[in-house]
Amino acid sequence: MFLFSYDISVVNEGSIGVTLRSRKWSIINSEGEEIIVRGEGVVGEQPFISPGETYKYSSFCVLDTPFGTMEGFYILK
């Protein structure tokens with residue numbers, strides 16, 4: 001088992017505040033096996049991000065191979 005840690009910064013460059021409602025991640029190990037992760041908010045929060053503000057968090061995922069990729073998106077309202 002391998003742990004992949006990551007740090008994320010979400011910057012609101014818009015003119016109105018937004019709430020980070022949900023996310024979807026596609027995690028693919030080096031054997032091509034994909035895991036889809038969907039859920040509300042991030043790390044147990046649905047943060048409100050004001051214009052010009054940055055929201056930062058750290059998290060991790062578990063891989064059963066020593067290499068993989070991760071990509072995804074957020075839903076902000």
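The values are calculated or read from the model by the stated rules, or taken from the named source; none is laboratory data. Note that this is a predicted model, so its numbers are computed, not measured. As a convention, Cβ positions derive from the backbone with ideal geometry for all residues, glycine included, and neighbour counts pool all protein chains shown. Remember, those area values only see protein heavy atoms, side chains included, never the ligands or the DNA or RNA. Shrake-Rupley method; radii C 1.70, N 1.55, O 1.52, S 1.80 Å.
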On the given criteria, is GLY52 of a type outside the set (D, E, K, R), at pLDDT 95 or above and open to solvent by less than 50 Å² (accessible area, probe 1.4 Å)? no
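Suppose we filter ILE36, ILE16, ILE28, ILE8 for residues that are part of a strand (DSSP E or B), of a type outside the set (Asp, Glu) and more than 14 Å from the chain's Cα centre (by Cα); which single one remains?
Numbers: ILE36 fails: more than 14 Å from the chain's Cα centre (by Cα); ILE16 fails: part of a strand (DSSP E or B); ILE8 fails: more than 14 Å from the chain's Cα centre (by Cα).
Exactly one residue qualifies, and that residue is ILE28.
Residue by residue, here is whether (1) under 14 Å from PHE4 (Cα atoms); (2) small (Gly, Ala, Ser) holds:
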| position | (1), (2) |
| --- | --- |
| ILE36 | no, no |
| GLY39 | no, yes |
| PRO47 | no, no |
| GLU53 | no, no |
| SER59 | yes, yes |
| LEU63 | yes, no |
| PRO66 | yes, no |
| TYR74 | no, no |
GLU40 passes all but one of the listed conditions (1) more than 15 Å from TYR74 (Cβ to Cβ); (2) open to solvent by 50 Å² or more (accessible area, probe 1.4 Å); the exception is number (1)
